[in-house]
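Single-structure report; data block below.
The values are calculated or read from the model by the stated rules, or taken from the named source; none is laboratory data. Values in this document were obtained by computation on a predicted structure and should not be read as measured data. Here the Cβ positions follow ideal geometry from the backbone for every residue, glycine too, while neighbour counts run over all protein chains shown. Heavy atoms of the whole protein, side chains included, go into the accessibility calculation; ligands, DNA and RNA do not. Shrake-Rupley method; radii C 1.70, N 1.55, O 1.52, S 1.80 Å.
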Amino acid sequence: MPSYNVADLLRSAPGASERHTIDVPRLDIADGVELARPVRGEIRLTYSGRSILVEGHLETALAEGCSRCLRPAQAPLSIELLEEALPSVDLESGMPLGADDEPDVLRLSDHHELDLEPAIRDAISLAEPIAPLCRPDCPGLCETCGLDLTDHPGHSHPGDDIDPRLASLAGLRDQLR
């Protein structure tokens with residue numbers, strides 16, 4: 001998992017930074033959410049004098065079902081990671097630092113380890129598409145019988161009753177096909 005010891009960075013002058021490559025082949029995100037590709041990218045850790053700033057760009061894909069035709073699909077994700085990680089113990093004295101002021105901020109471990117797994121997991125969950133598609137022009141399923149319109153593009157139900165107010169639109173639809 002993406003974990004980094006940042007003790008040396010905490011001893012550096014403010015503005016010092018490190019770059020790291022991320023390559024996480026497997027990550028448990030949430031029930032029903034599965035990676036289709038590894039999480040890959042690069043991050044930069046910068047010491048601000050108070051905390052470690054995490055900036056990075058990550059790429060992955062989720063294994064999803066198309067929201068129109070229900071076929072398996074991959075939803076590519078491009079994630080910008082921007083986090084602040086505060087120390088949980090003083091580097092010099094080893095005394096615990098109060099976490100009450102900022103309870104929701106990412107914290108370094110007692111051994112000055114920065115674990116990015118929760119931040120990456122949260123970023124992926126937030127970037128997950130609401131309605132993933134197998135392809136942008138997926139026609140989906142027939143609203144009458146549920147037949148996959150990708151395999152049957154000319155499928156129709158000629159006996160369907162059309163609301164007379166929409167009859168002119170049905171004629172336009174037939175012209176556009």
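At 1.4 Å probe radius, can you tell me the per residue accessible area of the chain in Å²?
63
Between L149 and D163, 0.36 nm times their residue separation minus their Cα-Cα distance comes to what? The partial results should precede the final answer.
Details: separation 14, 0.36 × 14 = 5.04 nm, distance 2.28 nm.
Extra length available between L149 and D163 comes to 2.8 nm.
Taking all protein chains in place and a 1.4 Å probe, what share, in percent, of the accessible surface of the chain do carbon and sulfur account for?
On the way: 5660 of 11150 Å².
The nonpolar share, carbon plus sulfur, comes to 51 percent.
Could you derive backbone 3J(HN,Hα) for the stretch 21-27 from the dihedral phi with the Karplus parameters 6.51, -1.76 and 1.60 (θ = phi - 60°), listing whole Hz in sequence and x where the residue is Gly or Pro?
Per residue, the Karplus-derived 3J(HN,Hα) values read 8, 9, 8, 10, x, 9, 8 Hz.
If you fit an axis through the alpha-carbon atoms of helix 167-176 and take the longest principal axis of the Cα set of the chain, what angle between them do you get, 0 to 90°, nearest 10?
The two axes meet at around 70 degrees.
Can you give the extra length, in nm with one decimal, that the chain gains between D137 and S156 once fully stretched, where that is 0.36 nm per residue apart less the Cα-Cα distance?
Working: separation 19, 0.36 × 19 = 6.84 nm, distance 1.85 nm.
Extra length available between D137 and S156 comes to 5.0 nm.
Under a Cβ-Cβ cut-off of 12 Å, what is the net charge of the residues other than D122 that fall near it, where Lys and Arg count +1 and Asp and Glu count -1? List each step's numbers first, then the result.
Working: positive: R121; negative: E83, D104, E117, E128.
Counting the neighbours of D122, the net charge comes to -3.
Could you compute how fast the chain diffuses translationally, taking Rh as the Kirkwood radius over C-alpha pairs and applying Stokes-Einstein at 4 °C with viscosity 1.567 mPa s? Give it in µm² per second. Please list the in-between numbers first.
Details: Rh = 20.1 Å.
Reported coefficient: 65 µm²/s.
Considering the Cα positions of the stretch 98-177, please state its Rg to one decimal place and its Dmax as a whole number of Å.
So, for the stretch 98-177, Rg and Dmax equal 25.7, 73 Å respectively.
From largest to smallest, what semi-axes in whole angstrom does the stretch 11-64 give when each is the square root of 5 times an eigenvalue of its alpha carbon gyration tensor?
On the way: eigenvalues 180, 25, 11 Å².
Its equivalent ellipsoid spans semi-axes of 30, 11, 7 Å.
Stretch I79-R50 to full length: gain in nm at 0.36 nm per residue minus the Cα-Cα span? Before the final figure, lay out the partial values.
Values: separation 29, 0.36 × 29 = 10.44 nm, distance 2.52 nm.
This chain segment gains 7.9 nm when fully extended.
Could you tell me how many degrees, from 0 to 90 and to the nearest 10, lie between the Cα long axis of helix 117-127 and the main elongation axis, the longest principal axis, of the Cα atoms of the chain?
Long axis of 117-127 versus the principal axis of the chain: about 30 degrees.
Can you give the longest stretch of the chain with no exposed loop site, where a site means GluC sites (Glu not before Pro) in a DSSP loop (not H, G, I, E or B) with at most 10 other C-beta atoms within 10 Å?
Numbers: sites that count: E92, E143.
Here the longest segment lacking exposed loop sites spans 1-91.
If amide H atoms are built 1.01 Å from N in the plane of the peptide, which residues on other chains or at least 5 residues away come under 5 Å of the amide H of R68?
For R68, the qualifying residues are C134.
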